[in-house]
1. Among the residues of the stretch 184-228, write down those that are free of Cβ contacts under 8 Å to residues at least 60 places away in the same chain, touching a Lys or Arg at 6+ places or on another chain (Cβ under 6 Å) and part of a loop (DSSP other than H, G, I, E, B).
2. In the stretch 264-294, how many are acidic (D, E), in contact with a Ser or Thr (Cβ under 8 Å, 6 or more places away or on another chain) and in contact (Cβ under 8 Å) with a residue 12 or more places away in the chain?
3. Out of all the residues in the stretch 260-292, which are farther than 17 Å from F333 by Cα and not in a loop (DSSP other than H, G, I, E, B)?
4. Do you know which residues across the stretch 382-441 are hydroxyl-bearing (S, T, Y), without any contact (Cβ under 8 Å) to a residue 40 or more places away in the chain and buried (at least 22 other Cβ atoms within 10 Å of the Cβ)?
5. Residue check, K36 against (1) surrounded by 15 or more Cβ atoms within 10 Å (Cβ to Cβ); (2) farther than 30 Å from H338 by Cβ, all met but one. Which one?
6. Residues of the stretch 367-381 being surrounded by fewer than 19 Cβ atoms within 10 Å (Cβ to Cβ) and either in contact (Cβ under 8 Å) with a residue 24 or more places away in the chain or in a helix (DSSP H, G or I) (or both), which ones?
7. Looking at the stretch 229-244, is at least one residue modelled with pLDDT of 95 or more, buried (at least 18 other Cβ atoms within 10 Å of the Cβ) and assigned to a helix (DSSP H, G or I)?
Amino acid sequence: MEKKWWHNNVIYQIYPKSFNDTTGNGIGDIQGIIEKLEYLCYLGVDILWLSPVYESPMKDNGYDISNYQKIDPVFGSMADMEQLIKEAKKHDIGIIMDLVINHTSDQHPWFLEAKKAKDNAYRDYYIWKDSPTDMESVFGGSAWTYDEVTDQHYFHLFAEEQPDLNWDNKAMRKDIYDMINWWLDKGIKGFRLDVIELIGKDIDKGVTSNGKRLHPRLQTLAKDTFNKYDAFTVGETWSASIDDARLYTDPKRKELSTIFQFEHITLNWDKTYNKFKTTPLDRKALKDVLYKWQKELPDDAWNSLFFNNHDLGRVTSRWGNDGRYNEKCAKAFATVLHMMKGIPFVYQGEEIAMTNVKYQHIDDYNDIEIHNRHREYVIEQQAMTQHEFLSQVYLNGRDNARTPMQWDKSNNGGFTTGTPWLRPNNNYLFINVDDNLKNKQSVFYHYQKLIKLRHSEDYGDTLVYGAFIPCETTYDNLFLFERHHKEKRLLIAVNLGESSVSFEWERNVDDIIVNTGNIDYFKSITLNAYDALVFSY
C-alpha cells in the first residue's frame with residue numbers, strides 16, 4: 001500500500017458562521033478562525049475543513065454559491081482567507097474548502113446570464129425543460145421552477161435558489177476545473193465535495209445519485225485538478241454502499257481520497273419522512289454497520305469516521321444521553337470512532353460535548369430544510385402534529401449543529417459581542433471551552449489524547465494501518481474489537497449504553513491507554529454506563 005500524507009490526519013470541521021465572531025455583527029468570520037488557531041493546534045488536529053465562505057445570498061447558509069472566487073463580505077476578504085492559509089501552515093495545519101459543484105446560487109453570474117435567453121452562451125450550464133417531470137426537491141416540493149422570461153423550467157434538487165449545473169456541458173466543466181486549480185494554487189490542501197454523487201445524474205431516466213456517468217466524470221475531474229496537486233478529497237455520498245465506496249476510493253481509479261457514507265447515520269430514519277420521523281437507535285444495528293465498513297472496505301481504500309457534522313444533530317443528544325451522562329457519552333462515542341481505521345472528523349464543539357438545542361418556537365430556527373418540511377408535513381399534509389415535528393427537530397434538525405461555538409461563560413458563550421445570527425444553547429454556562437481547558441479530565445483532553453494516539457510512534461501505525469478484528473459478545477451495546485499491526489495489539493472495549501456489561505480477559509495487560517471508568521481489575525472486566533477502555537497486550 002502506498003502511504004499518503006493524509007492517512008494519519010485528523011480533520012476538524014468549522015462552520016464559520018457559528019465559530020468565532022471578531023466584528024460584533026453576530027456572524028463568525030475568517031479572522032475568528034485565525035484567532036483560534038492556537039486552540040486548534042493545542043487540540044492537535046491536522047486539517048481544518050471550512051464550510052462554505054464563498055460569496056453567497058445565504059439561502060442555504062453558503063451552500064448556494066454566487067461566486068466561487070470571492071469571499072463573502074460577512075466572513076471577510078480574500079486577503080483574510082490567504083492569511084488563514086498562511087497562518088494555519090505555520091501551525092502545521094492545512095485547509096480544505098467545502099466545494100459545491102452540483103449546483104450554484106440563482107444569483108451566480110452564470111445563471112443570471114442563462115436566464116436571459118435560450119440561446120445565451122451560459123444557457124446550457126444549467127438544466128432546462130419545457131415540461132417538468134414529477135421529481136421532488138430534497139428540501140420539499142417540486143425539483144422544477146418555472147422561468148417566465150424563457151418559458152421553461154429549470155432543475156434544482158435542493159432549494160429553487162440552487163439551480164443544478166449541467167455536467168454534460170464541456171465549457172461549464174472547464175470553468176469548474178479552472179476554479180478548483182485556482183484555489184489549489186493558493187495553497188489549500190484539498191476539498192470536501194458536497195453531494196458529489198449527484199453530478200452523474202440522468203434526469204430523463206429519473207436517476208439522481210450514482211448515475212452511469214458519475215465515475216468517468218470524477219476520474220476526469222480528479223485528473224485535471226486534484227491529482228496534479230496530491231490533494232486530499234472527501235466526497236459526500238449519502239447513498240453509497242460498500243461496492244460504491246470501493247469504486248470511489250480505489251487508489252488505482254484515482255477518483256477520491258475518501259468518502260462520507262451515511263449508512264450508520266440513517267439507521268433509524270423513516271423511509272418516507274427521513275430524519276423527521278425516527279425510532280430509537282438499535283445499538284446492535286449501529287455496531288453491525290460500523291464493523292461491516294471496517295471489515296469489507298479494502299486495506300488500500302479509506303473510510304471517513306464521523307458521528308457529527310453541520311447537517312446532523314449532536315451525537316450525545318441524538319443517540320446518547322446528553323443529560324446525566326453527557327461527558328461520559330461523548331468520550332465513549334469518540335473512543336469507538338477514533339480507534340477505528342479511517343480518517344476521523346471532529347465537528348466544532350464535539351470536543352467539548354456540545355448538545356442539541358430546544359427552541360420552543362419554529363420561528364427560532366433558521367434552517368431552510370426545517371421550515372420547508374414544517375410547511376409540508378405539518379401545515380399542508382397534516383402528516384404530523386407540531387409537537388411531533390418539533391420533537392424530531394430536537395433530535396435531528398440541522399440547526400442543532402449550527403448554534404454558536406461555546407467558548408466561555410460570558411454573554412453568548414463568548415461567540416460574539418453582538419446579537420448572534422442563531423441563538424446560542426443556554427447550556428454554554430456549564431459546557432464551554434474555558435471550563436474544559438481547566439479540567440484535565442474533560443472531554444477536550446480526551447479528544448486530545450485520542451488524536452495524539454493516532455500521531456504517536458507507539459500506536460499510530462496500529463490505528464492507521466492495523467487490522468480490525470471484532471470480538472464476540474452477547475451485549476448489543478458493548479463495542480469490543482481489536483486492532484493489530486505487526487507486534488502491536490490493542491483491545492478496545494466501549495459500553496454505548498446505560499446498563500453494565502462484562503467480559504473475561506485471560507491475557508496480560510501491558511499499557512492502559514484509555515480508562516474512563518477507572519477500572520482497576522483486568523481479568524473479569526465490567527463496564528458501567530458509557531465506560532471506555534483501551535489497552536495494549
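The values are calculated or read from the model by the stated rules, or taken from the named source; none is laboratory data. Given the structure is predicted, the values throughout are model-derived calculations rather than measurements. Backbone-built Cβ (ideal geometry, glycine too); neighbour counts: all protein chains shown.
1. G211
2. Count: 0.
3. Passing the criteria: F260, W269, D270, N274, K275, F276, K277, T278, K292.
4. Within the stretch 382-441, just Y428 meets the criteria.
5. Checking K36 against (1) surrounded by 15 or more Cβ atoms within 10 Å (Cβ to Cβ); (2) farther than 30 Å from H338 by Cβ, the one that fails is (2).
6. Correct list: H371, N372, R375, E376, I379, E380.
7. Yes, the stretch 229-244 contains at least one residue that is modelled with pLDDT of 95 or more, buried (at least 18 other Cβ atoms within 10 Å of the Cβ) and assigned to a helix (DSSP H, G or I).
Yes/no matrix, rows are residues, columns are (1) more than 18 Å from G342 (Cβ to Cβ); (2) under 21 Å from the mean Cα position of the chain (by Cα):
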position: V10; (1), (2): no, yes
position: S18; (1), (2): yes, yes
position: D21; (1), (2): yes, no
position: I27; (1), (2): yes, yes
position: G44; (1), (2): no, yes
position: L48; (1), (2): yes, yes
position: M58; (1), (2): yes, yes
